[in-house]
Ligand code: SF4
């Protein structure tokens, strides 16, 4: 029996390079080794302001981009969170086993509150509890994350432990699978690449558009003239090379940047060429899928059906262990 792996996909509307290098490319490597559940987390997405009329398309875009990038729906389960109502049911129950103090310590809540000052809602605060419910509903054992998400997995573990202590063994304690996530900064080189900050390159962007963005992207700011030596370790272009270029090219840039043998324009051109080579089949496949919404809905429906069966079974056990009414009492 393969271990169960759970991961959430934000329906952000446009999947960007940070998502691809930080998450999707790692998931693709893991789908043969684990029983993988990839959940498009629309309930999480509503904790910040959004346009309801765009949500369906955002969900389809997320599904298309992830499948286009290699998440083969025949090898893993892809589904939409709100199609399985047990996520929110379990989240409510888990709210009653974890303290306010635990949630107040979540650094991501503080960051998100800063970014959404006009809408600091309760959902934003209890977001990590819903995240714990997402994982525990499927008895997820492994959660691939970058370092910024470790705190939430620790919380999910704490919630599972507290629940098990109070109501009897029900959930496994999920473990983080720390993937090597290059911290991809935005084109400004200062803030993390993000859709909301509009500093990103989309996974399905055209080669011309990618070049326009790379051409103006910030490099090592201390390298003011062509002959100045650069420091690749503080340059976001170099970080992106690590995601798209060969080891040999990376080593070459590392040394030739420091000795000013290579200029930033040539360095960016090399990156552009490698990026376009890798992303073109993904863009083509994603666009093909976007035009075939029946196929995408079919994948998501199939995924939800499998998840509903598992979720019902888990909730049956949760209810029984908690002494709540179950269907057989009715
Ligand atoms: Fe960055 Fe490349 Fe310029 Fe060096 S040569 S500063 S790695 S863009």
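Values in this text are rule-based calculations from the coordinates and carry no lab data. Computed from a predicted model, the values in this text were never measured in an experiment. FYI the Cβ positions are ideal-geometry reconstructions off the backbone, even for glycines, and counts take in every protein chain you see.
So the values come out like this:
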item	result
Neighbour-count order for 90, 296, fewest beta carbons within 10 angstrom listed first	296, 90
Principal axis dimensions, largest first and in whole angstrom, of segment 101-175 by Cα	41, 26, 18
Sequence-separation-based contact order of the chain, relative, with Cα cut under 8 Å and 6+ spacing, percent	22
Footprinting exposure proxy for 226, 319 (fewest neighbouring C-beta atoms within 10 Å first)	226, 319
Compactness relative to 2.2 N^0.38 Å, alpha carbon Rg of segment 1-115	1.16
Kirkwood hydrodynamic radius over Cα pairs of segment 54-99, then Stokes diffusion coefficient at 20 °C and 1.002 mPa s, in µm²/s	168
Taking the C-alpha atoms of segment 27-92, convex hull volume expressed per residue in Å³	103
Euclidean distance of C-alpha centroids, segment 172-223 and segment 64-97, integer Å	25
Per-selection Kirkwood Rh - segment 207-287 (Cα, Å, 1 d.p.)	13.1
Taking N as its residue count, the alpha carbon Rg of the chain over 2.2 N^0.38 Å	1.08
